[in-house]
1. Where Lys and Arg each count +1 and Asp and Glu each count -1, what net charge lies around Ser31 among other residues with Cβ under 15 Å from its Cβ?
2. Exposed loop chymotrypsin sites (Phe, Trp or Tyr not before Pro) only (DSSP loop, at most 12 other Cβ atoms within 10 Å): please give the longest stretch of the chain free of them, not including the sites.
3. Helix 60-103 versus the longest principal axis of the chain: what is the Cα-based angle in degrees, 0 to 90, to the nearest 10?
4. Compute the FRET efficiency between Gln58 and Ser37 as 1/(1 + (r/R0)^6), taking r as their Cβ-Cβ distance and R0 = 22 Å, and round to the nearest 0.05.
5. Could you work out how far helix 9-39 tilts from the main Cα principal axis of the chain, as a 0 to 90 degree angle to the nearest 10?
6. Apply the Karplus parameterisation 6.51 cos²θ - 1.76 cosθ + 1.60, with θ equal to phi minus 60°, to every residue of region 53-58 and state each ³J(HN,Hα) to the nearest whole Hz, in sequence, with x for glycine and proline.
Amino acid sequence: MADPVEVYISSLRGTGGELDGLATRIDGILSRVAAASQAHWGRWGADEFGTSFAEGEQGYSASDKNLQAVVASKVSLLQSYSSALVDAANRFQTAEQANKDGLG
């Protein structure tokens, strides 16, 4: 027989809230990075050096776009985890209450 499982509902909710807060902070940082990137876009110039710096698969333009997309995906991931933890806490609480009501 398996050992009993203990679930701390308030901890699930708390961790869910912390992850949501972290996602919000990272999203704010990403917004500031995107704004700074846009404000300085093209400052590398259109000469041979600037073009080789910015263009191509390994260039700054592609790297900037990819980095921002990856960070944005992590924000979505954290929000998803947050929502899942809060949902799990709600389901555990509902099940626990139903068990108590059934015994009472």
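Any read-out appearing in this document is the output of simple, stated calculations on the displayed coordinates, not a laboratory observation. Owing to the predicted nature of the structure, the values given are computational and were not obtained by experimental measurement. Cβ placement follows ideal geometry from the backbone for every residue including glycine, while neighbour counts extend to all protein chains displayed.
1. Details: positive: Arg25, Arg32, Lys74; negative: Asp27, Asp64.
That sum, taken over residues with Cβ under 15 Å, equals +1.
2. Between exposed loop sites, the widest span is 42-104.
3. That works out to roughly 10 degrees.
4. 0.80
5. The helix 9-39 is inclined about 10 degrees to the chain.
6. 5, 8, 8, x, 4, 9
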